[in-house]
Amino acid sequence: MPESNEAPSVLSFFGGALKRWIFAVQDYSLLSLQSVVNIFLPPYYWMDTLEQMDLIGVGSLPIVVAAFLSIGAVLVLNTASQFQRFGMTALTGDAVSLALVRELGPTIAALLVAGRNASGMASELGSMVVTEQVDAMRALGTDPVRKLVTPRLIATVLMLPLLVAVADFVGLIGGYIVANFTLRLGAVQFWTRAVDALEFGDLVQGFVKPIVFAFIIATIGCYEGLRVRGGTQGVGRATTSAVVISSVLVLVADTFLAKLLLYIFQK
């Protein structure tokens, strides 16, 4: 008898979890689709978009610069001994450039932006839901998705590729500084090799990924904020979920994008 009672409870638990997951994916997909469609239909909230571009782009700039100056330096520090061992110190610029542009630049910049801005979107929109500001918008005939989600999506998609470009450049500067002091590489030698190592496919990989990552970060942050339940505790849970889910999805998407883009440009 205990076993017969336990089996339905376990099945119902997993069945309920599966239903909740399916409904969450459905709601997220609808929100994402609606936010994209709103880009092409009036009215447009340009001031909100510019404000979000300032918060996301300019606000994240100091973090990105500090992080990638260190990342470029660490890349050279970790590879310097191997380059010296095989007498290939001239390849330092190639290695740093390819690593930053192809992979480290887009991925780490996206994770930094997710940690800073996905949490901010979730907490801000969650607070608006808790204080019934979103319901007031609906009562006044304003579409909350068009007013709140679409400007954040546009701003993130526009600003993250620019942040990645800055990150790549700053990372190369950090790499050059360390290479100059440890490997005695001159500026001409380092920067010529770093630029010549890049091909068109590498640049496409470096700037397609941020667009996809930006879409994930903005939509997950807004979705978690708009589905807040349970007062201020719900806002805290939504903030944590936004950072965790967006970061994991960025890494998962990076795996598939890397495989796809390498297949396209190495044919």
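The values are calculated or read from the model by the stated rules, or taken from the named source; none is laboratory data. If you're wondering where the values come from, they're calculated on a predicted model, not measured in any experiment. Heads up, the Cβs are rebuilt from the backbone with ideal geometry, glycines too, and the neighbour counts pull from every protein chain shown. For accessibility, only protein heavy atoms count, side chains too; no ligands or nucleic acids. Shrake-Rupley method; radii C 1.70, N 1.55, O 1.52, S 1.80 Å.
Table for the structure above
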{"read-out": "Descending Cα extents along the principal axes, the range 115-250, whole Å", "value": "64, 28, 20"}
{"read-out": "Environment charge at ILE56 (Cβ cut-off 15 Å; Lys +1, Arg +1, Asp -1, Glu -1)", "value": "-2"}
{"read-out": "Ranked packing of 26-32, 243-249, most packed first, by mean Cβ within 10 Å", "value": "243-249, 26-32"}
{"read-out": "Compactness relative to 2.2 N^0.38 Å, alpha carbon Rg of the range 153-196", "value": "1.52"}
{"read-out": "Principal axis dimensions, largest first and in whole angstrom, of the range 4-66 by Cα", "value": "60, 39, 12"}
{"read-out": "Share of Cα-Cα pairs in the range 85-145 lying beyond 15 Å, as whole percent", "value": "69 percent"}
{"read-out": "Surface accessible to a 1.4 Å probe, PHE14 within the full protein complex, Å²", "value": "130 Å²"}
{"read-out": "The chain, accessible surface, carbon-and-sulfur percent (1.4 angstrom probe)", "value": "70 percent"}
{"read-out": "Total charge dipole magnitude, the range 141-263, about the Cα centre, Cβ charges on Lys, Arg, Asp, Glu only, Debye to nearest 20", "value": "460 debye"}
{"read-out": "CD proxy at 222 nm, helix term only [per DSSP H run n ≥ 4: -39500 (n - 2.57); per residue of the chain; nearest 500]", "value": "-27000 deg cm²/dmol"}
{"read-out": "Top positive-direction residue, dipole computed over the chain with Cβ charges, set SER246, TRP191, SER123", "value": "TRP191"}
{"read-out": "Förster radius 22 Å - calculated FRET efficiency between ASN180 and MET88, Cβ distance, rounded to 0.05", "value": "0.85"}
{"read-out": "Heavy-atom accessible area ranking, 1.4 Å probe, most first, across TRP21, TRP191", "value": "TRP21, TRP191"}
{"read-out": "Relative contact order for the chain, counting Cα pairs under 8 Å that sit 6 or more residues apart, in percent", "value": "31 percent"}
{"read-out": "Solvent-accessible surface (1.4 angstrom probe) belonging to PHE181, in square angstrom, nearest 10", "value": "140 Å²"}
{"read-out": "Dipole axis of the range 26-150 (+1 Lys, Arg; -1 Asp, Glu on Cβ), positive-most option in MET137, LEU104, LEU31", "value": "LEU104"}
{"read-out": "DSSP-loop trypsin sites (Lys or Arg not before Pro) across the range 151-208, with at most 15 other Cβ within 10 angstrom", "value": "ARG184"}
{"read-out": "Accessible area in square angstrom per residue, the chain, 1.4 angstrom probe", "value": "53 Å²"}
{"read-out": "Efficiency of FRET between TRP191 and GLU132 - r from beta-carbon atoms, R0 45 angstrom, step 0.05", "value": "0.20"}
{"read-out": "Calculated diffusion of the chain, Stokes-Einstein form, Kirkwood radius summed over Cα pairs, 10 °C and 1.306 mPa s, µm²/s", "value": "77 µm²/s"}
{"read-out": "Gyration tensor verdict on the range 178-219 (Cα atoms; rounded if a/c is under 1.5, prolate if a/b is larger than b/c, oblate otherwise)", "value": "oblate"}
{"read-out": "Solvent accessible area, Å² - VAL195, 1.4 Å probe, full protein context", "value": "90 Å²"}
{"read-out": "Length released on extending from ASP202 to SER9, taking residue separation times 0.36 nm less the Cα-Cα span", "value": "64.3 nm"}
{"read-out": "Given charges at beta-carbon only (K, R positive; D, E negative), |dipole| of the chain in Debye", "value": "240 debye"}
